[in-house]
Structures are given as C-alpha cells and as structure tokens.
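Structure first, commentary second.
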Amino acid sequence: MKGMSLIVKTITNIMIGFIFLYGVYIILHGHLTPGGGFAGGVIVAGVFVLRYLAFGGSKAGEKKSSITASVFESVGALLFVIIALLGLLIAGVFFFNFLPKGTPLYLLSAGIIPFCNIAIGIKVGAGLFSIFLALAAFKYIMED
Amino acid sequence: MSIIPLYFAIPLITAFAIPLLGKISKTLVWIVATVVSFVLFILALYGIALTQETSMIVYRMGNWPPPLGIVMAFDSFSAFMVLVISIIVFSGCFFSLRYIGHFTGQWKFYTLYMLITAGMMGIAITGDLFNMFVFLEIAAISSYCLVAFGVDAEELEASFKYMVMGEIGGLTFLLAIALLYAKTSTLNLADISNTISSIGMTPFFWTILGMLLFAFSIKAALVPFHTWLPDAHPAAPAPVSSLLSGIFIKVLGIYTTARIVFNIFGLNRANAPVFFNILIGIGLLSIAWAGLSALNQKDYKRLLGYSTVSQIGYIMVGFGIGNYYGVAGAIFYILAHALGKGLLFLTSGSVVHRTGTRDLDKLAGLGEAMSTTAWSYRFGALSLIGLPPLVGFFAKLFIVLGAIKAGLLWLAIIAIGLSVLTLSYLLKIENSVFMKKGKMADIKKAPFSMRIAMVFLVILVLLTGLGFQTLMDFLIGPAANALLRGVEYAQLVFGSFSLNF
C-alpha cells in the first residue's frame, strides 16, 4: 500500500480541512492576534506536507506540484512588492499605509497590513512546500 | 514621487516576475533582465545628479520619522556605489545571453541575479543597521546559490565552503547588531552615531567594532579570511564571477566597513591612529600574500580570484590612510577594480565558452583567434597594473599621494613596489593564453553579445581614465567628502530636507 496505514490516512482526511482553516485564520488575524503571514503560511504548508506524507507521492505528481508551488511563491512575493509600490504610486511613499485604518481590533482594520499578511502567507506556504518537495525529490535526482 | 526606493524595488519585482515570465519564453526573460539593468543604470545617473544639489537625501519608508521607522540615507557615496553596481550588473546581464546556455534552468539564473542586485542596492542606500543585515543576507544567499549554479562537485564544494565562511561573517554581524542594540536601544545608523558620540568610544564599542571588522573582512575576503574566494569566484558562471569580484565583495565588505567606521563610529586618523594602522596592515598583508599566491596558479579564473584579494588590499590601504586623497583613492580604486576585474572575468568567460578549459597550460594562441577578447584582457590588465591613462593609474596615484601627504613615505614606496606582483601575475595569463604560439583546434571568435559586453567595459575603462578630473569633481570627491564628514552624517539624516510629504 502506498503511503502510510489506513488509520493515518483516515485521520489525515478528517483533520486536513481544519488545519488549513486554522492556517488561514492565523494569516487573516495577523494584525490582531499573535502569528501572521509567516506562522499561518507554515501551517498551510504543513497541510500539504501532511497530505504528501500520509498518501505518498509520485515523480510526476511531485513535478507538477513543484511547478504550482513555484508559481504561487512568485505570485505571493509579487503581491507584497506591488502593495508596497502602490503606496509609492498613490501616496508617494514606499510602503505607505494608504488604505483607511478602520477601528482597532476589528478584522477589517490596519489598512494594508492584512493584505501584506496574505501575500506573505501565500509566499511562505508555497515556499516551504517547495523546500519539502526539493528534499523529497532528492532521491530521484540520486537515482538518475 | 521619489526614486530612492526604486533602486531595490525594481530588481525585486523583476526577480519575482521572472519565474512567471520564464514559463512563456526564455529570451523574454533575458530581454526583461537587460532592460531592467539598463533602467537601473539610468536611475543611478539620475541619482548622481540628485546628490549634486543636496548632500543627503533621506527617504522615510512608510513615512515614519527616522528613529522610529526605517530610513534610506542616500548621499554621494551611496550614489557612487549604486552607479558602479548598475554598470557591472548591466554588462554581466548582457554577457549572460549566450554564456548561460551551458546550464539548465536558465531563468532561475536571472531571478538570483536580480535578487543579488536588489541586495547590493539595498546595502548601498539603507540608513538602518538591521535593514543592512537583511539586504546583506539577501545578496549573500543568492550568491551562494549562484556559485553552485553548475551543480558539479567542484561548484558544490566551493559553494559550501563559501556558505560556511560567509555565514560565520553574517552571524557575527548579527551578534554585533544585537549587542549594539542592547547598548544604544536603536537600530538607526544616525541614531547609533549620536549615542556613540555622547557616550564616547568605550571598550564595549571597540569590541563591537572589532566584531564588525571581522565580519566584513570575511565578506571582503581580506587575508587571513580570504580562503573561500579563490574557490567560490572561479566556480561561479563567468558573468557572476565578474559581478562577485567586481562589486559584490566591495559592497558587502568595503562599503559597510567604510560607512560604519567613518560615519557611525566617527573615527578618523586623528582620534584612532592605531585602528587605521591596523587597516593599513590588513591591506598590505592582503596585497602581498594573495599576490604571491596568484603567481603560483595554473587556472585562469583562480588566478584572477587571488588577484581580487590582492587588489582589495589596496582599497583597504586607501581607507587606512584616512586623509582626503587616501579615501578618494580608495573610492576611485573601487571603480577601477570593478571595471578592470569585471572585464577580466568576462574575458575568462568567453575563453571558457569557446575552449571549454581554464587550464593555463592547455590554453594557447588565442591572441589571434579571439582578438577582441585578447585586447579586452590587455586593457583590463593594464588598467589594474596602473598604466596611464587608464583608470587604474589614477586610482593608485591618489592612494600613493594620500600616503605621502600623511607622511607615510614607506607606505607609498611599498604600495608602488607591490604593483610588480600585479604586473607579473597578470602577464602570466597574457603570456600563456594570448601570446604563446600554439594551436587549439578551430577556435571561433566570442559571440557577439559577449563582445559587446566586453567592449562596453573597455570603453568605460578608457573614458573614466581620460576624464578622471571630471570624475573627481562630480563623483569621487563628493563621495570622499561624504565619508570624511564623519558624525555630521547623523545631523544630516535627522535635519535634512526630506522629499516626503
């Protein structure tokens, strides 16, 4: 049987959605509670790593996921720089917090910071997963 | 809208866009990277024009005032570094078109190349110590990857060695930042400078300065911390060797040292003669030791690697002399060596591209087969040796002049005498690669794009040499004054006209 035992697979199937949701929660509440883009991104990457470990992977699948991961990584980083550049274009200052700040302690507040957190979350999630894939693909490289 | 943040924002955004563009077309990636590096060159020229009017431009990131937020402090010395970075990045980028065809994953090369550019630009313009560390690590980590880009055993070994040494330097820098922060409660360079001026140079600060000098000596590959360089720089692809030797080690090692010693700790030859003598000592040791080692090399690029260590010694001697002419000479030398050594590594690239070997015993008779490469090599080498009217001569002249003005006649004589070493090891390549009669089977001229990149640098070597007086007035002189005004830097950062609103 590919991957781990049936028990692990079943529990992974149940938990995977909750873990992902928790990661997204950490990212979105980055400006309110401890954590943020990086911590949430690590949790989101953990979901994919867990899935990979429990169900096993194939060479073709790994190649496909690594391409997707690299696209998401670039998009995350680009988003972050674009948010910073928007500050330069709109208000004339790099990294300027040009959005309305809102009421403190509400989800929709703090201007651009939640968006920065989302960009970091995408970048870190995809980046950590591609590091994991690179380590996993090492055995194929050695075989070739 | 100010252009200061664009210096690192443009390369960063290009670096992250390249993996997406690489899925469309590989040539498109090269075009984008080259156009971007040319835009950076134009922006750098504009930056020089800006610093002619105001001596210091302070840019507040996110509009936070200096001690609270991160500021970018752009003065003449920063403008000078940005210009040199953009020249070498542009020529290397142009050169890469054909050279990088040897490797797989070509667009990844340009991502790393742009990241290294962003890191160096950031170091040159930042006014915040921790920000400097972050940019330093961006540049350093990209350079570890670029050294290992060929993924052969030789490259991986060199990269690993480089990474271990480089990170010892980087982490020492981080520890020094932590200690400095504990003492001064600030990370802003100008604010640190103010605190040090009010407390005075206690033994604690001297210890930190020692740690910083250790960290930057590793990054600048000064003897005795140079051992990674003769492995790492030859192992990298030629345009990257040109970038690493030409400007990378100067930004990470020399610029940071000069900025922190002169502007932050406020040292000069009058109040810290022992420290400046140590700088001269390290410099002389590097010149002699690495120059003698270079004489012994049998590998084209490895010889140039040792030569870099040796030439960095001259820059350190210039800063160690510490008067106007010495510092101006050192800054001039940064330019001269960037152009000269960048050019020499590009010629090594085109030789390797056509012959497939770097072994000086196997190479022969390329002087006629690859005449553009041979003449580019000659111009670069003559400039480094110090033949008038090329740029290297004036750089050396000012250092020697500074030594004489400071009453260090023995230093001037030794510095001139050690040029013989430069002459002899550079003649070794000329002799065995270009002059020696011999036949290598059907060698063609270097590809057109490579020749363009080399000729671009040859023209700059000539022009900067011929127009040295203009350069002194508008570029080198203001940069030297920016360093020599010492702790006045802090007042300028806090009190200067700000472009923000």
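Of the numbered criteria (1) outside any helix (DSSP H, G or I); (2) touching a residue at least 12 places away in the same chain (Cβ under 8 Å); (3) not acidic (Asp, Glu), the one B:Gly329 fails is (1). Scanning the stretch A:83-94 for residues that are at the interface with chain B (Cβ under 8 Å from one of its Cβ atoms), surrounded by 18 or more Cβ atoms within 10 Å (Cβ to Cβ) and assigned to a helix (DSSP H, G or I) gives A:Ala84, A:Leu85, A:Gly87, A:Leu88.
Contact annotation: residue pairs with Cβ atoms under 6 Å, 6 or more positions apart or on different chains, pairing a residue in the stretch B:1-13 that is facing chain A (nearest Cβ under 8 Å) with a partner that is assigned to a loop (DSSP other than H, G, I, E, B) and not small (Gly, Ala, Ser), are B:Ser2/B:Leu499; B:Pro5/A:Phe94. Return yes when A:Leu79 is among the aliphatic types (A, V, I, L, M) and within 14 Å of chain B (Cβ to nearest Cβ) and no when it is not. In short, yes. Filtered by the rule that a residue be among the small types (Gly, Ala, Ser) and either in a helix (DSSP H, G or I) or in contact with a strand residue (DSSP E or B) (Cβ under 8 Å, 6 or more places away or on another chain) (or both), the stretch B:4-57 gives B:Ala9, B:Ala15, B:Ala17, B:Ala33, B:Ser37, B:Ala44, B:Gly47, B:Ala49, B:Ser55. Of all residues in the stretch B:334-358, those being farther than 16 Å from B:Leu390 by Cβ and touching a residue at least 12 places away in the same chain (Cβ under 8 Å) number 11. Only one entry in A:Lys64, A:Lys9, A:Lys101 is of a type in the set (D, E, K, R), part of a helix (DSSP H, G or I) and free of Cβ contacts under 8 Å to residues at least 12 places away in the same chain, namely A:Lys64.
If the condition is being within 14 Å of another protein chain (Cβ to nearest Cβ) and either in contact (Cβ under 8 Å) with a residue 40 or more places away in the chain or crowded, with 23+ Cβ neighbours inside 10 Å (or both), then the stretch B:17-31 contributes B:Ile18, B:Pro19, B:Leu21, B:Gly22, B:Val29. For the stretch A:26-49, the criterion of being away from chain B (no Cβ under 13 Å), loosely packed, with under 13 Cβ neighbours inside 10 Å and over 21 Å from B:Ile70 (Cα atoms) is met by at least one residue. Note on the stretch B:64-82: residues that are among the β-branched types (Val, Ile, Thr) and within 14 Å of another protein chain (Cβ to nearest Cβ) amount to 2. Answer yes if at least one residue in the stretch B:47-63 is free of Cβ contacts under 8 Å to residues at least 24 places away in the same chain and within 14 Å of another protein chain (Cβ to nearest Cβ), and no otherwise. Yes, that holds for at least one residue.
Would you mind stating whether B:Ala153 is over 18 Å from B:Leu129 (Cβ atoms) and without any contact (Cβ under 8 Å) to a residue 60 or more places away in the chain? Yes: the conditions hold for B:Ala153.
Of all residue pairs spaced 6 or more apart or on separate chains, those with beta-carbon atoms under 9 Å, a first member in the stretch A:104-116 that is closer than 19 Å to A:Ala77 by Cα and a second member that is of a type in the set (Val, Ile, Thr) are A:Ile112/A:Ile83; A:Pro114/A:Ile27; A:Phe115/A:Ile83; A:Cys116/A:Ile83. Inside the stretch B:397-427, residues that are touching a helix residue (DSSP H, G or I) at 6+ places or on another chain (Cβ under 7 Å) and in a helix (DSSP H, G or I) make up a count of 21.
Can you confirm whether A:Leu86 is within 22 Å of B:Leu20 (Cα to Cα) and modelled with pLDDT of 85 or more? For A:Leu86, the condition - within 22 Å of B:Leu20 (Cα to Cα) and modelled with pLDDT of 85 or more - is met. The residues of the stretch B:32-43 that are away from chain A (no Cβ under 14 Å), of a type in the set (A, V, I, L, M, F, W, C) and surrounded by 22 or more Cβ atoms within 10 Å (Cβ to Cβ), listed by number, are B:Ala33, B:Leu40. Looking across the stretch A:95-112 at every residue that is of a type in the set (A, V, I, L, M, F, W, C) and within 11 Å of chain B (Cβ to nearest Cβ), the one that is nearest to A:Thr33 (Cα to Cα) is identified as A:Ile112. B:Leu387 meets all of the listed conditions (1) under 24 Å from the mean Cα position of the chain (by Cα); (2) part of a helix (DSSP H, G or I) but one, namely (2).
The values are calculated or read from the model by the stated rules, or taken from the named source; none is laboratory data. Bear in mind the structure is a predicted one, so any value in this text is a computation, not a measurement. Virtual Cβ from ideal backbone geometry, glycine too; neighbours counted across all protein chains shown.
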